[in-house]
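Participant: Let me give you the structure first, and then I'll get to my questions.
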Amino acid sequence: MASTAKIGGSEILLADGALGPFVGAATDEVVHGTYRRTGTWAPDLLHLLCEDLLPAEGTLLDIGANIGLVSVPATERTGIRTLAFEPDPRNAELLRRNVALHGLE
């Protein structure tokens, strides 16, 4: 955990791991919490997507993208076009921040 900030009164944390820096809610013990503790998220899924499933010039649709811990690294590794959707307003804001943090806007 490198630093803290707030979104709409909710504390967010910046964690840096194998996939680079990602912001997430301090209360998230599943997705961002795992990334904070282990430094990675879904390595087998990312390998499958990036090495076996995504065509060189395809499009990834990430429906329920959460904070982008799959779509952001998959986009960085493959260079494909990605459309990531997140219905939860707080996670959608964190997703936007993570996309910007990785220069993928």
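The values are calculated or read from the model by the stated rules, or taken from the named source; none is laboratory data. Everything numeric in this text was worked out from a predicted model, so none of it was measured. Neighbour counts run over all protein chains shown; Cβ positions are idealised from the backbone, glycine included. Ligands, DNA and RNA are excluded from the accessible area calculation, which covers all protein heavy atoms including side chains. Shrake-Rupley method; radii C 1.70, N 1.55, O 1.52, S 1.80 Å.
Participant: At pLDDT 95 or above and assigned to a loop (DSSP other than H, G, I, E, B): does that describe Leu14?
Facilitator: No; evaluated as a whole, the condition is false for this residue.
Participant: Show the residue pairs meeting these rules: Cβ distance below 6 Å; 6+ apart or different chains; first residue within the stretch 23-37 and in a loop (DSSP other than H, G, I, E, B); second residue buried (at least 19 other Cβ atoms within 10 Å of the Cβ).
Facilitator: Ala26/Leu13
Participant: Test Ala5 against the criterion of being assigned to a strand (DSSP E or B), closer than 18 Å to Leu101 by Cβ, touching a Lys or Arg at 6+ places or on another chain (Cβ under 7 Å) and not basic (Lys, Arg), and give yes or no.
Facilitator: no
Participant: Continuing with this model, one more query. Conditions first: (1) in contact with a strand residue (DSSP E or B) (Cβ under 9 Å, 6 or more places away or on another chain); (2) open to solvent by less than 60 Å² (accessible area, probe 1.4 Å). Arg97 passes all but one, so which condition is the exception?
Facilitator: Here Arg97 clears every test but (2).
Participant: Name the pairs whose Cβ atoms lie under 6 Å apart, with the first residue in the stretch 43-56 and exposed (fewer than 12 other Cβ atoms within 10 Å of the Cβ) and at pLDDT below 95, the second assigned to a helix (DSSP H, G or I) and of a type outside the set (Lys, Arg), and 6 or more positions between them or separate chains?
Facilitator: Final answer for the pair search is none.
Participant: With the stretch 38-105 as the region, which helices (runs of 4 or more DSSP H) entirely inside it contain at least 3 residues that are under 14 Å from Gly24 (Cβ atoms)?
Facilitator: Working: elements: 43-47, 71-78, 89-101.
Output list reads 89-101.
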